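Input: a single structure, listed below in structure tokens.
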Amino acid sequence: QVQLVESGGGLVQAGGSLRLSCIASGSILSIRLMGWYRQAPGKQREPVATITSGGTTNYADSVKGRFTISRDNAKNTVYLQMNSLKPEDTAVYYCNMIYGYSSWGQGTQVTVSS
């Protein structure tokens, strides 16, 4: 069974940076798509950024120019570098991987204070 474990969340002031990591454990031959999603209190989960096995990225308009997604295929790991953080970025961030099945991490809290 594949498990995803996120790390790197925390409390940061507006304008600061955080780097999230998500590593997959278990037997995975190929991960087609890796992504980060977030869910703020009282809101639905929304996509933040995705990256294909070939390195094609896609970002939500609200994070373009501030967030960067990257992956290390050899380590089955996906990263999210978040710069110029805003209070509206406060949410629980989840990673997702699609490899024939879909798996989700447990989430990591990101809190941005004004």
Quick one: if the Förster radius is 25 Å, what FRET efficiency do Gln44 and Ala74 give, using the C-beta to C-beta distance and rounding to 0.05?
0.15
Sequence of Ile28, Ile23 from largest to smallest accessible area, 1.4 Å probe
Ile23, Ile28
Protein accessible area in the chain, 1.4 Å probe - carbon and sulfur %
48 percent
Once amide H atoms are built 1.01 Å from N in the peptide plane, which residues 5 or more positions from Gly107, or in another chain, come under 5 Å H to H?
Glu6, Cys95
With contacts defined as alpha carbon pairs under 8 Å and 6 or more residues apart, what's the relative contact order of the chain in percent?
37 percent
Exposure rule at most 13 other beta-carbon atoms within 10 Å, DSSP loop trypsin sites (Lys or Arg not before Pro): the chain longest free segment:
65-114
With a probe of 1.4 Å, find how much accessible area the chain has per residue, and write the answer as a whole number in Å².
54 Å²
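The values are calculated or read from the model by the stated rules, or taken from the named source; none is laboratory data. Note that the structure is a prediction, hence the values are computed from the model and not measured. Because the Cβ atoms are built from the backbone with ideal geometry, glycine has one as well, and the counts that use them run over all protein chains shown. Accessible surface areas use protein heavy atoms only, side chains included; no ligands, DNA or RNA. Shrake-Rupley method; radii C 1.70, N 1.55, O 1.52, S 1.80 Å.
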